[in-house]
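What follows is calculated from the coordinates using simple rules that are stated; it is not laboratory data. These numbers come from a predicted model, not from an experiment. Backbone-built Cβ (ideal geometry, glycine too); neighbour counts: all protein chains shown.
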Amino acid sequence: MDALPRAAPRPHLPAGALGLGALLVLAYGIVPLTGTSYLFEALLTPFLALALAGLGLNLLTGYAGLLSLGSAAFMAVGAYAAFNLSLRLPGLPLPASLLLAGFVAALAGLAAGLPALRLRGFYLAVSTLAVQFFVAWALNRIGWISDDSPSGVITAPRLVVAGLSFDDPRGRYLVSLTVVTLLTLVAWRLVSSPTGRNLVAIRDNETAARLVGVKVARTKLLAFAASSFVIGIAGALWAFAYLRTVEPAGFNLDRSFQILFIVIIGGLGTLRGAFLGAGFIVVLPLLLARLGAALLGDGFDSGTLEMVQRIVLGALIVALLIREPAGLAALLDRAGRRLGRRAA
Amino acid sequence: MSAAPTLLQVEALEVVYGGAVHALHGVDLAVRAGEIVALVGANGAGKTTLLRAVSNLLPALRGQVTAGRLAYDGRDVTRTRTDALVRAGLVGVLEGRHCFRGLSVQENLVAGGLGRGSGRSDVRADLERVYGLFPRLAAKREVAAGLLSGGEQQMAAIGRALMGRPRLLVLDEPSMGLAPRVVEEIYRVLAGLNRAEGLTLLVAEQNVRLALRHAHHAVVLENGRSALAGSAASLRARDDVRSLYLGGAECPEAAAPPEARRRAPA
Ligand SMILES: Nc1ncnc2c1ncn2[C@@H]1O[C@H](COP(=O)(O)OP(=O)(O)OP(=O)(O)O)[C@@H](O)[C@H]1O
Ligand SMILES: [Mg+2]
């Protein structure tokens with residue numbers, strides 16, 4: 001595989017294969033044994049689903065430089081596709097329906113990517129916005145998609161893989177963890193392949209990329225398809241493993257922005273960024289809520305509390321991005337280097 | 001030299017941007033295999049536009065060839081995608097040394113090889129060749145291209161194009177904004193490739209003195225038209241070219257030399 005001469009291994013994924021291994025041991029070995037239901041349900045499972053969505057968007061926006069505001073739409077396509085597959089093909093194993101849901105989302109992404117052959121920047125973002133609204137409309141209007149349930153609410157099937165039930169908080173966490181691990185591996189292979197380099201080439205200079213023979217149109221469509229595939233599966237996890245009961249409104253524009261923030265905060269164009277950003281977005285509000293309750297007492301109006309939280313979160317994001325526009329990933333890199341220098 | 005086949009033929013070319021801006025109206029140009037052709041002219045004369053047309057990049061920039069003919073090695077350029085032209089040996093380097101900033105020097109170079117469709121062993125061999133031509137790049141192969149100096153970026157951009165094993169290399173102002181010594185180095189490498197391997201070059205330059213020194217033939221563009229064409233020696237000898245572009249007939253050194261100029265890179 002490595003016959004092609006490459007530059008130094010990118011700092012993205014295996015900063016140290018060791019650290020990664022330790023992380024996996026922690027995630028698979030220690031956390032499932034010691035974690036509480038609260039940890040699985042309120043923190044880890046949503047963290048994993050959002051990180052995966054961020055990972056998908058990062059392929060498109062971070063690597064290929066194509067701005068999208070349609071992430072929630074692709075999550076919805078993945079979630080509702082997985083729902084329909086498991087509903088209408090009862091014999092289909094869960095991994096297969098997740099995979100197929102990803103492909104359905106990839107098709108949607110391919111269609112949404114067609115304008116990218118002509119449009120760039122904000123204009124492209126606006127065209128993905130259209131996808132966002134179209135999907136919301138379709139989910140509300142076409143009853144078949146949600147098996148004619150009122151207002152499009154769907155309930156996830158039980159999570160069973162190879163006869164084993166994963167239908168408890170820990171099981172759902174493990175399913176999410178496995179899906180996220182596998183897809184992260186695939187994404188890593190993609191971004192370190194020549195195709196991945198072409199994505200970056202298009203982002204850095206589209207005309208120059210054309211001039212060295214990159215098939216720009218094909219590569220952009222591929223970026224949309226791969227990104228939507230990952231985001232679609234993230235949507236299915238969000239619905240099946242985290243929420244269990246979802247309505248179309250759960251996949252609105254707010255969600256798209258949330259995914260975009262995750263990627264920007266974490267670091268565009270890095271795989272770690274999605275995880276760091278998702279951690280930031282999931283953990284921080286909970287910390288702030290605890291802090292608020294402790295400082296202000298329980299009697300405080302919850303609406304006000306939520307608003308204060310949002311403002312604090314927003315201010316933190318601004319402060320972070322001023323300090324380090326390349327996000328948490330770059331901030332950590334810098335801290336790591338400083339530590340390394342001090343140790344040396 | 002006249003026996004060599006014509007690699008690129010441009011006839012009465014007209015180009016319009018956005019349906020309104022007439023950038024070229026009537027450009028003729030021929031590049032024979034094995035020669036260096038310089039394309040000279042003032043700011044806005046249409047050099048970049050012509051080179052974009054040659055690589056069929058105009059559609060992506062809302063430009064359009066409205067009349068004339070543009071043939072590379074028997075192909076109608078306006079009907080051939082840029083990547084297909086690259087595979088046919090027509091490779092370009094943009095104005096303003098555009099590297100892929102986020103990729104390392106080596107990844108930039110490899111992209112040039114893979115874009116052409118080279119296999120692994122070819123890519124490896126070509127890398128060594130490019131590093132041999134530009135030793136400075138070899139020293140910085142792991143560095144992100146965005147962190148290179150201007151001259152190094154230009155070398156990386158040219159090296160990346162050479163990785164595509166061009167038959168016709170099209171360069172847009174390779175000297176722009178670079179120190180004279182770096183410019184010399186780049187032209188020495190290019191002229192060396194022309195002599196040793198018969199690499200055909202079409203180079204746009206504002207630096208007329210430099211261009212006429214290295215080129216065999218030159219075409220002068222003025223306001224979107226090819227105003228003059230001929231051998232470099234004959235153009236150097238012409239009074240109007242000397243007074244217009246070489247800083248006066250009597251005392252060429254006294255006037256501001258064209259290389260002491262202007263404008264940040266795009
Ligand atoms: N993308 C574009 N859209 C519209 N008009 C353009 C575009 N690019 C160039 N032009 C116009 O076409 C004309 C020729 O420009 P061009 O860039 O080809 O000149 P040039 O000879 O390369 O100049 P310079 O030496 O400054 O690079 C100019 O009048 C310019 O305004
Ligand atoms: Mg120009």
Checklist outcome for this item: Per the rule of 0.36 nm per residue minus the C-alpha distance, extending A:THR34 to A:LEU18 adds in nm 3.5 nm
Checklist entry - Using the Karplus equation 6.51 cos²θ - 1.76 cosθ + 1.60 (θ = phi - 60°), what ³J(HN,Hα) coupling, rounded to whole Hz, does each residue of segment A:26-42 give in order, writing x for Gly and Pro? => result 4, 5, 8, x, 8, 4, x, 7, 9, x, 9, 4, 4, 4, 5, 7, 8
Checklist entry - Once amide H atoms are built 1.01 Å from N in the peptide plane, which residues 5 or more positions from B:LEU7, or in another chain, come under 5 Å H to H? => result B:VAL31, B:ARG32, B:ALA33
Next on the checklist: Just checking the output field for B:93-105: average partner chain Cβ neighbours within 10 Å of each residue's Cβ?
Outcome noted: 5
Checklist outcome for this item: Rounded to whole angstroms and listed largest first, the alpha-carbon spread of the protein assembly as shown along its three principal axes comes to 92, 60, 49
Checklist entry - What ³J(HN,Hα) values, in whole Hz, does the Karplus curve 6.51 cos²θ - 1.76 cosθ + 1.60 give for segment B:187-192 when θ = phi - 60°, with x put for Gly and Pro? => result 5, 4, 5, 5, 5, x
Item to check | Amide H contacts of B:LEU221 (H built 1.01 Å from N, under 5 Å, at least 5 apart or other chain) | outcome: B:VAL40, B:GLY41, B:ALA227
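Treat the count of other C-beta atoms within 10 Å as a stand-in for reagent exposure and order A:MET75, B:MET176, B:MET163 from fewest to most. Walk me through the numbers on the way to the answer.
Values: A:MET75 33, B:MET176 22, B:MET163 27.
Ranking A:MET75, B:MET176, B:MET163 by Cβ neighbours within 10 Å, fewest first, gives B:MET176, B:MET163, A:MET75.
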Next on the checklist: With the cut-off at 1.5 for a/c, could you classify segment B:98-165 from its C-alpha gyration tensor as rounded, prolate or oblate?
Outcome noted: prolate
Item to check | Two-site FRET efficiency, A:ARG244 against A:LEU284, from Cβ-Cβ distance with R₀ of 35 Å, rounded to 0.05 | outcome: 0.90
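Under 1.5 on a/c is rounded, so check that first for segment A:17-250, then, if it is not, pick prolate when a/b is larger than b/c and oblate when it is not; a ≥ b ≥ c are the square roots of the alpha carbon gyration tensor eigenvalues. Provide the component values of the computation, followed by the final result.
On the way: a/c = 2.22, a/b = 1.29, b/c = 1.72.
Judged from the Cα gyration tensor, segment A:17-250 comes out oblate (a/c at least 1.5, b/c at or above a/b).
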Checklist outcome for this item: The long-range amide H neighbours of B:LEU24, using H built 1.01 Å from N in the peptide plane and a cut-off of under 5 Å, are B:VAL15
Checklist outcome for this item: To the nearest 0.05, the calculated FRET efficiency linking B:ALA138 and B:ARG188 through their beta-carbon distance, R0 being 22 Å, is 0.80
Next on the checklist: Using Cα springs under 10 Å in a Gaussian network model of chain B, which residue among B:PRO59, B:PRO174, B:PRO166 shows the largest mean-square fluctuation?
Outcome noted: B:PRO59
Item to check | chain B: antiparallel DSSP beta bridges as a percent of all, rounded to 5 | outcome: 60 percent
Checklist entry - Tally Lys and Arg at +1 and Asp and Glu at -1 over the other residues with C-beta under 15 Å from the C-beta of A:LEU316: what net charge comes out? => result +1
Checklist entry - Along segment A:182-193, what does the Karplus equation 6.51 cos²θ - 1.76 cosθ + 1.60 (θ = phi - 60°) give for ³J(HN,Hα), rounded to whole Hz, x for Gly and Pro? => result 5, 5, 5, 4, 4, 5, 5, 4, 5, 6, 9, 8
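When the helices in chain A are scored as -39500 (n - 2.57) per DSSP H run of 4 or longer and the sum is shared across all residues, what 222 nm value do you end up with, to the nearest 500 deg cm²/dmol?
-22000 deg cm²/dmol
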